[in-house]
Structures are given as structure tokens and as C-alpha cells.
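Enquirer: Provided herewith is a single structure, encoded as C-alpha cells, for subsequent inquiry.
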């Protein structure tokens, strides 16, 4: 008898990815799948790639349908997890892939989301210093946003080592699945194929305060982040290019040493060999973050590029990785570092 | 101690896919990876998505480097498997993903490939009637071509049931990985993105005789095949649209019954629910063939559409499926029906 | 003072393409642009690629806003052109890019569209025998569907020459813009990228009766058409693969001669040199149909492949070509055979 | 009798784009097309989208075949234009799309290209202050690189107005045609589709010194540029995200005013309306640069995003725009601001 799991929002992209991973996980048993408007239909109509789950019928997402499980994964629009989580037992592990419980500051939440703040849960990025200990003891996990996952993994070693000035520029390209499955004209295939576009420029993207929060905590001082997200013609993947001024004395060798050390023991973050740069395709379907660094002497900057699959390490894989820890399972169980390529 | 495996052509697309599957297979141990021009370099330079194998060094593809394994997978340009296989022991399981041993007729081989015929090996399509028995007893397997896999699975039930006239039209769209990794101007991203193109039209594509061979054998009479392959702007996937005149008495219901019966017990071929049509993305990275049928009454035709991942069920997954059988392992071991989507 | 034109449905894909062509046409003056739900907004919000028209405000699509022009182009959902056209003067040239007036038979209309038949207008495919004479004298033009344009141009010479059996198989790949701009989940970029899918299989696609009508008229006998449309991961383009049994005596040379003759004088249809096969990218933004033929001796079939840009030759360019004829302008005015590639 | 033009490198992407534009230009007559390895073949084999030029035979690229024209456009690998240009008459307008004559400093050239410096020609970016006057008097034009075109247009108004600190970060996404037509494994469709990747990180991309040169000249002080190029899964287009610290007193309004003024009279650069951000698809096939600006108050930065078609405004269109000026023709002749979309 496995760990009984429920997945809410199972007809969306986050929910689908969680199910894809759980279906191959040796310890979880997918007992319940729920949805909002799609409740009552079969999962196969929405997630036709999940053949073994195709005839599962979607229940409605309610506290009642989600009750009685060991783990509940939430893949819901922001604002919906808060009220729902209140109604789930304290002994149930609740893993929220939405934004509701990520931000420490109610002010940030209100400014970027415009609704009352639901609270703050332990942050599901095990690679952050001390975070595994916290995750081991919790029944509530806030899975990081996809952009913050890539940017935090790219930059926190530099701030932990004190080698970067606290003024960061990030430009990231994301696949379209990051925008979710609700149909909007600008997300039509006809619009996105053959096109890269910018959006949310100038500090207004909702993932900005989450990046600032993560990097400032590691740096021990306020870090500013100029974040520009762009939409790229691919379904999955984030490539984040991150740069900050190097502090005095930094060299190419010392920069590399900082990252080699930081990721030496990490199962899911890898500093690529020198000369090889990340491509999102290297991570498709894998729970891996691939990182490479450069020291631009002329510009006095360090540049870090990170690639992840926004749905795997950036959402469903990250969720399962943190759930593994909270449940006392091996952290890597059911997760792979092997991508599907080409 | 697992089954010791070698993969020749490990820096190509077929070899990479075999490795991707073997890396997640509980019984195989990847002992040796070999290449031609890339020998001496690390696998990670060519297959950066296979993180756990990245530092393996490619040996040269020779009978010597391939000796001493329980299984040898060959992912080589056609014409190279023949001489190599002769030098491998009879007790070694050799699984050839090339074309060399697929055709029964030397004439066909010579006409389409222009070189001497190497011979004929048991055909690695377990779904064909009686084929599992043959595969259970062999140490030599010719993995089918990717197009013939999709077309044969789409049409053999109709011919086995005698409901189709032996004059077939097939138009199939393939992702670019089907053309391999050797760089050619027409395979550049700039050329293929935003474009669908036809090639090998009029019966000249090398996979044509293989389709004729398979369908004629099942039909018990000569079947003609008009095959038009097209190149689509995606890396992976084949969508094959296949049609033949319906024999008298065929109805939508009887057609559906034939396919329901044919695939009732098959782990890797699925007739989709009525109203749902295959898309290649449903199969990405999975060993699944998804099939749907229609009876076009006005045109008097049956139409069958099949989708596969050309590298998985069409190459590396099909290879491992047949190898599992030949080695007495469970047929589904290390293979999944769960695709990566969106 | 130019020819005063109005474009209805200007915020959609068909309307946008008509405007793109009219903006570069030396004789038309774009006086009015109209829309449904987008009325009152600026064109630049919907067609940001049409910089010189960006600040035009969309009027509502009504008989009143469309009155007072020399030409009215309609790019509307099917069913809307009929009532609107009744209210436009008989001396106004009305060019309908919708389906309302394409079909001769009310039965066909009702069966495939389910609403009352609006009527039948002269068919805007100038390449059909005798069609230019008809178009010269009309004030009403039904622009062909995009699929029927490609298929009719591919096959009518064979039927006019009597070299093909009247049992046709067509499999066509289309870019996503053919499905229009109304947002639907299956047209999201995340769904269509990396995927080819079939839809409308088995004779149910609405363009089927139009193909049958065209080919039967040329053949002088009923032609059956088995038509399978597929959706390809590109914004624009149709590649239609068409085949029929060759009548006795047909050879590769005689087949080629038929097509060379048929298109010798045509400005916008070209038989490619032997050995070169059409790709949709060759036609992007051009009013060209590119055709190639093969005689498959073993299968006893002729195979014709045609490529067009579904929005140009298949919609807006075809509309302007026919309008040029009806207005007594040079047929090629404002249209190009030069595509944008790569 | 038009202006007699020759295009060298006519089988490549730059050459093809120049030809595409010249074919629609009312004053140029394409007299000669030349190539290297493809000499002796027909243009249609390499540029099948240029139907009206398809049967032109490619001459070899030599001083002799290029002699006797009024204008010679060079679309050659860097290093080849220098020796060739020396042999062309001083009265011939030579427009070089390669890098050979772009850099003022021989040191920069040698460091980034490793060969002797050929010299410095007037720079073909008419939008730069005072540049039109220079181009009017010259017979030699160095067309800017595609990345420097987008970045310079994005940032020079800020430096001309003195509102930005001279420490610039640029991250740009480019379509694959920017890498040219020589087949390389990493440019295969199978590799680039579904993937965004970084390359040339850390100040080593050859377009870096050109950006520094342009921005420093306008700023009147040395500007550092941290430039990271990325490869996106599309054939054409560059989206450049550029940021620098704002100087004291800058506001959103003052920033916008600077750009409104800078581009008020420019035919080919447009500041988009507030709230609309550039997408590369808006510029496909058009000679337009679309720009948008944001003031990120929290980060103290100005962010400018620019989109161009790398082959049009970034190469062939920019070349013709400058040639028009040098020949005393209207600057906009034969060029369009209307893109092909979707």
C-alpha cells in the first residue's frame, strides 16, 4: 500500500506534470484527481499523454474530495490554495504549486497580487542553505515559481560567497506552458511560433519579489533585481541569463570554484564542464538545473546562465523532490536527471 | 550484476535514445559506448541530456570494443551493421536499429540501397502475429524502420481481418530527428522551422519495400503501397495517415471492432476512444503507438491514423522491447506509456 | 484617388492578410476597417505587424459602415456574410473569404454547416478553365477555402486531361492560422508546438464537398475525395499530398507534360523543376502555388504535391487576385511570387 | 534602364535577403548573382522562394564577375570582402554585409577575428546622429551586424540624452538564420527546435566591440557592454533586452519623452504605444525596428527592448536603406514597414 496522493488541478499543465511524475514514482499511489470546470470528464481528454491514467474521472476540487490522503498536490490558479488548505488536516502533507504561500511579506503579496495574503509556508527549494532541514519537519510546502527556481539556483552561490554586488539583471526566456492552459489570444500557436516577445518588463512581473526575497536572504543585504521575462517559441523550458557586478578580486577561477563547491553534492543542479552552455532541451522532462558561469573582465561582471524545464524542476519535479524530503523518502526517488532529447 | 550492454553509434540520435532508455532500465548495465568520428570524446559533448552518462568516453566502434557484452545495440548508418555483426558471437544478442537486416528480398535491398544484401534477421515488431515466439528464440533482431513501425501497426489488423483492398495510400509526417544527425543544409533549423515539405515521393523512399513486405505477409496477397513522407517542423514524432478501400460489408462498427480486438492485449498499442485523434505530442518519449480509425462511407474507404515517437517506439524503445523478449525479461520492463507533454 | 476598399473582420487572420496586401497595392485605398467584438479599438492592438495602419480605429461591422465603398472584403465567420451581403449595393464588388457562397448545392451546405444556404457566387479561383471570364463580369466573388485551393490546383489538370481515376486521396498539413484567431485550448502554442495531429478525418471536414465539387466539374463525372487534414507546428502554409490511380497509358513523361501545359501561362502556379519538391516555406507571404508530380509505377498512381501560404494564395492573396480581375486591373497587381524565407 | 546591381554570396541567407528586397525594388536591376562553392548552379536550387529569379545561374565570386555594376552587395563570410573590395572601382557603390569594415580599431578586429584589419568604412546605420550626411557622400558602406543594429537603436537615444550610466547589460535572442547557412550539428532543426541556448557568453561574441564602439561614440565616454546572445527556435528575428542604471532625475515620463523625440522622424524605428511590447513576429520581412521602454524604479534602471528581423533591418534591408541614401534615392524606396504575420 503506497502513499495515497491527490492532485488538484489535474487537467492543467502543473497538475499534468505532477501526475506524469507520480505515475512513475514507486511509492505514491494516485488515488484522486480533481478539477474545476473539467470535473466529471475523463483525464484522458485533457492529458492524453498519460495513457495509464486516461480513464480516471476528474472529481471536483473541494476539501471533501481532497480529504483522506497522505499528500495533496495543488496545481491551482493563485488565490485558490489558501482557502482550500485551511480545510485540510494538519497531518496531511500539502504541496502548493501556486503562489499563495511563497512570499514572506504581506505587502509584497498585496502589491503584486491585489488580494489578502494567505500566509507563508516553508519554501520548497531544497538546494537553499538549511532548507532541507526545514522541509524534513513540515506538512506544508510552497513550491517556488519557475522563474525564481532558475534565477535563485543561478545566483545564490555568488551571494552566499559574497562575490557579487547586490544589483542583479535577469533576462529569462520561457516556454509557453509557463503561462498555463487557459486559452488567451496571445498564447495561440499562430502568435507564438516564430516569435520571441517581452512582457512584464520593468519590475512588474509577479515573480520579482520572490527572487528579491531569496537572494536578499542569502546575501544578508537587500538585493535589487531587474527582471525581464520573454516568451519563446517552445512548449517547455526556461533559460535564465543572470548578471551582477563582480566584487573586487573575483577571477574566472575563483568564480568557477564557488559554483563547483556549491553544487558538488547536489543531485539536481549541475555546473556544466567549461565551454559547454546550457540549452533548455538538455533538461526536457528532467528534474535538473544546468548552470554555467563566465567572468566578463571587460565589463567587470559575472554572468550565470541556468536552464531548467519549467514544468519539471520548475514545478512538478520540484514539488515531488520536496515532498520526498518531507515524507522521509530518498530525495531523488521517482525523479530523473535524464532529459528527452532531441 | 546486470545484463552487460554496449551501444554502438552512441553519439547519434538512435544511439542516444537507446542510452536514454537503458539508463532507466532496471536490468541493463551500460558498459560500453562507441562511436565513429566522435570516438575519444566524452558522451556529454554529444548527448548533454544524459547527465548520468556525461563523462563516459566513446570508444571506437569495432568488433573488439563491442565484444564481451550480453547485448549489443547498433545505431549505425545502413551498410555498417552487416560486417560488424559477423564478428560478434552467436550467443550475444545483437539488436540492429539500421536497415541492413530488415528486408527478406535481396532484390529489394539492392534496388533501394545499391549495396550487397547482408541477410535477414527476425523482425523486431512483437505486435505482428506470431512474432513474439520468434523473438523469444533469437540472438539477432532487426528493429523496424520508424515509418514502417507506424504504418504496419496502423494497417495490419485491417489486412489480417480481410477488410481492406490491397492498394494502400500512406502520407506520413516525421520530425527531423528521423533524418539523423549528420548535418545537411536542408535539415538546418532555419530551413525546417515554419515549413512542411515532401520528399522521396513516388515510391522511392527506402522504407517502402519494408511496408509492402509487412502488409503483404499479413494480407496473404501482394499489397501495393503509395508512400509519401513529409518533413514537419518538430524534432520527434511520426503521424501516419493510412487509407485503403473498404471491402464490401465493412461498417464503422465492424471496423472499430477489428481494431479493438487486435489491440486488446497489447501493452504499447492503443486504439484511442472514439472522437479522439492521435497527435505526436501524446507519445513523446513513450513507447506507445496511438491509433484511431474512421470509415469514410462516401469515399468507400477506411482511414487509420497512427502516432508514434520515431525515436522511442520507432527506434530505441522498440529495440529494448524486442530485447526484453529475447532475454526473457518482462516485455514492458524499462519502457513507459507515459509521454512528456505539453 | 484610388479604389475605395473596406475590410470587415479586420482584427482576424484573414482580414489582417487582406490588409497586408492592400497596404502594398498601388490602386486600393483602405478607407474602412471593421470588426465585431474588437470594434472601437485600434488596429495596432490586433495587427501590430501592419505599422502604417496601426492607429486606424475599428468600426463595427454593419451594412452602414461598409456602405459607400467600391470594394468590400469580408473576412468573417461562416454564416455572417450572407445577411450582410444582401444589404450591400449590387454595384459594389463584394469579395467573401468565408464559406457562405462557395457551394453550389444547398444540401451540401446544410449537411456540413447546418444552417440555411445563403446562395452561390462566382468562384474566385481564376486558374480553373473559363473562370477568368466569369470573374471579369461579376460583383460577387466567393473566395475558395484554403485546402480546396491547394487541392484543386494540384489535381484539376489531371482530371481535365483524363489521366486520373475519380477516386482521390488527399492528406494535407496546415499551419495553425487556418483555424483562425478565436482562442481554443487545442490551438495553444503549448499544444501545437512539437506536434502534428489529425482532425476532421473520414470525410467530415467542411472543405470536402468543395473539393468534390471542383474536381467533379472538371472531370465531368463524380469524383470521390478521401480528405484528411492535419495540423502542423507552423503558423502558415499548406502542403497537400494528393493521389489517384493513373489511367492506362500514363507515363512519368506524359504526366509531366500535362502539368507543364496546364500551368505554362499561369502567373501564380508553378510546376517546380524535376527533382525539387514543394515546401511551404517557399511560399510564405507569396501568392504562389508550387506543384510537383510523380508517377509511382509500382503503385499505379499519380502523386501531386502542392504548397501554398494558406493566408495568401489560400485567402487574402487569392481574394485580391480575383478582385483585380473583376475590377479590370492587371491580375498580378499588388501581388508577389517572392516569398519570405528562411 | 535601372541601377545595375550585383549580389555576391547569393546562395546564402544574407544574399538571399538582399535579392528578395531588390526583386521588389523599382530602381534596381539584378544583373549578376555570384557564389563560391555553388557557382554554376541555378539560384532556384538554393533560394526556392525567389521564384522570379529561380533560373538565374550563379557566377563565381570574383572581381571580374562583379565588375561593371553600379552597386555591388557583398554577403560573404568575414575576411573575404576586404581583398575583393580593393579590386572594385572607386566609383562603384560597394555595400558590405560582412564584418570586415565595421570596426574603427585594428586592435579590436585582431582580438576578435584574428586576421589583419581590412579598414574602416562609413557605417550603414542612418539613424545614428549625423550618419545620413556621411552615407550620402560615400561609395563604401559597412552594414552593421544584426545584434549591434538592434542594440544601438535600443540604447543610443538614452546615451545621447545622457540619462543612462555607461554600464550596459544586453541579453538578446536571435533566430537561427543569424548563424548563417553553413551546416553545423548545433544548428540542425532537431537541436534548435524546442530549445533556447546561450553561447558566446562573457564578452567573447564578435559583435560586442561594435556595440561598445557605437554606444561610446554617442555617449562621449567609454561604455561597457555585458552581452549575452541566445539562440531561439525561430528562423528570423532578434529581440534585444537592454538595461543600464538610470542617471538621477530620470522618470518614466522623461524616459519616454527621450525616445519619442529620438524616433519622431524616423521611417524605420518606432516607439510602440505604451503597454505594447515588441515581438519579433511583428517585424518579419519588414525593415522596422520596434522599441519599447520601461523605468524600473525599484531597480533604478531603464530597460529598453527592441525587435528587428535580423535578415531585413539587421542585414539586407539595412543594406538597401543605406544604398538608397548613397545613390540619392528616397530612403524608403523598395522597403516596407509591413511585416508578414501571423
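Bear in mind that the values in this text are calculations on the coordinates, not laboratory data. Note that the coordinates shown come from a computational prediction; the quantities given were computed from them, not determined experimentally. FYI the Cβ positions are ideal-geometry reconstructions off the backbone, even for glycines, and counts take in every protein chain you see.
Enquirer: Rounded to whole Å and sorted largest first, what semi-axes of the equivalent ellipsoid does the C-alpha gyration tensor of chain A yield via the square root of 5 times each eigenvalue? Walk me through the intermediate numbers first.
Expert: On the way: eigenvalues 208, 89, 79 Å².
Semi-axes from the Cα gyration tensor: 32, 21, 20 Å.
Enquirer: Relative to the longest principal Cα axis of chain D, at what angle does helix D:317-326 sit, 0 to 90 degrees, rounded to 10?
Expert: Rounded to the nearest ten degrees, it is 80.
Enquirer: For the residues B:184, D:245, what sequence is obtained by ranking on other C-beta atoms within 10 Å, fewest first?
Expert: Ranked by crowding around the Cβ, least crowded first: B:184, D:245.
Enquirer: Evaluate the relative contact order of segment A:147-310 (contact order divided by residue number), counting alpha-carbon pairs under 8 angstrom at least 6 apart; express in whole percent.
Expert: With pairs under 8 Å counted, the relative contact order is 32 percent.
Enquirer: Right, next: Which percent, to the nearest 5, of DSSP beta bridges fully inside segment B:226-342 are antiparallel?
Expert: Details: 15 of 18 bridges.
DSSP beta bridges in segment B:226-342 are roughly 85 percent antiparallel.
Enquirer: How many nm is it between the label spots at residue D:55 and residue C:133, if each spot is 7 Å from the Cα in line with the beta carbon?
Expert: Taking the two extended label points, one gets 3.0 nm.
Enquirer: Also, I was wondering about something else. Angle check, please: helix D:252-263 long axis (alpha carbons) against the longest principal axis of chain D (alpha carbons), in degrees 0 to 90, nearest 10.
Expert: Relative to chain D, helix D:252-263 is tipped by roughly 20 degrees.
Enquirer: Cut-off 10 angstrom, C-alpha nodes, Gaussian network model of chain C. Which of C:51, C:206, C:20 fluctuates the most?
Expert: Highest fluctuation among the options: C:51.
Enquirer: Another question, if that's okay. Picking from C:174, C:11, C:195, which is most flexible by a Gaussian network model of chain C using Cα springs under 10 Å?
Expert: C:195
Enquirer: Compute a Gaussian network model of chain A, connecting alpha carbons closer than 10 Å, and tell me which residue from A:298, A:246, A:142 fluctuates the most.
Expert: Top of the fluctuation ranking is A:298.
Enquirer: Something else: Per residue of D:334-340, what is the mean number of Cβ atoms on other protein chains within 10 angstrom of that residue's Cβ?
Expert: The shielding value for this peptide is 6.
Enquirer: Rounded, prolate or oblate: which one fits segment B:119-208, using the alpha carbon gyration tensor with axes a ≥ b ≥ c (rounded when a/c is under 1.5, else prolate when a/b beats b/c, else oblate)? Display every interim value, and only then the final one.
Expert: Details: a/c = 2.83, a/b = 1.52, b/c = 1.86.
Judged from the Cα gyration tensor, segment B:119-208 comes out oblate (a/c at least 1.5, b/c at or above a/b).
Enquirer: If a/c stays under 1.5 just call it rounded; otherwise compare a/b with b/c (prolate if a/b is bigger, oblate if not). Do that for segment B:210-260, with a ≥ b ≥ c from the square roots of the Cα gyration tensor eigenvalues.
Expert: On the way: a/c = 2.40, a/b = 1.44, b/c = 1.66.
Note, shape of segment B:210-260 comes out oblate.
Enquirer: Quick one: check the C-alpha center-to-center distance for segment D:232-277 versus segment A:298-342, whole angstrom.
Expert: 35 Å
Enquirer: Mind giving me the FRET efficiency for residue A:332 and residue D:276? R0 is 56 Å, r the Cβ-Cβ distance, nearest 0.05 is fine.
Expert: Once rounded, the FRET efficiency stands at 0.80.
Enquirer: Relative contact order (percent) for segment B:57-199, with alpha-carbon contacts under 8 angstrom and 6 or more residues of separation?
Expert: Result for segment B:57-199 is 17 percent.
Enquirer: If you average the alpha carbon positions of segment A:142-217 and of segment B:18-49, how far apart do those two centres end up, in angstrom?
Expert: 33 Å
Enquirer: When C:302, B:134, A:30 are ordered from fewest to most other Cβ atoms inside 10 Å of their Cβ, what list results?
Expert: B:134, A:30, C:302
Enquirer: A follow-up question, please. Could you give, in nm with one decimal, how far residue D:267 is from each other copy of that position, shortest first, with labels 7 Å out from Cα toward Cβ?
Expert: Here the equivalent label points are 2.5, 6.3, 6.8 nm apart from this one.
Enquirer: Ok, one more. Please arrange C:28, C:227 by counting, for each residue, the other beta carbons lying within 10 Å of its beta carbon, fewest first. Working shown, then result.
Expert: Values: C:28 26, C:227 29.
Going from sparsest to densest Cβ surroundings: C:28, C:227.
Enquirer: Average projected area of the Cα convex hull of the protein assembly as shown, in nm²? Please list the in-between numbers first.
Expert: Values: hull surface 194.2 nm².
If I average the Cα hull's projected area over directions, I get 48.5 nm².
Enquirer: Angle between the Cα long axis of helix A:208-219 and the longest principal axis of chain A, 0 to 90 degrees, nearest 10?
Expert: Relative to chain A, helix A:208-219 is tipped by roughly 60 degrees.
Enquirer: Per 5 Å bin from zero, what fraction in whole % of the C-alpha pairs of segment D:147-310 is there, up to the bin with the longest pair?
Expert: Spelled out bin by bin, segment D:147-310 gives 2, 9, 18, 21, 20, 15, 8, 4, 2, 0, 0 percent.
Enquirer: While we're looking at this one, here's another question. Pairs of Cα atoms under 8 Å, at least six residues apart: use those to get the relative contact order of chain A, whole percent.
Expert: Numbers: 787 pairs, mean separation 60.4, N = 342.
Relative contact order comes out at 18 percent.
Enquirer: Here is a follow-up. For segment A:29-88, what are the per-bin percents of Cα-Cα distances with bins 10 Å wide, up to the bin holding the maximum?
Expert: 22, 52, 24, 1
Enquirer: While we're on this one: Please average, across the residues of C:205-212, the number of beta carbons from any other chain that are within 10 Å of each residue's own beta carbon, and give a whole number.
Expert: Counting other chains' Cβ atoms within 10 Å and averaging over C:205-212 gives 1.
Enquirer: In peptide D:17-26, how many Cβ atoms from other protein chains are near each Cβ within 10 Å, on average?
Expert: Per residue, the average neighbour count from other chains is 2.
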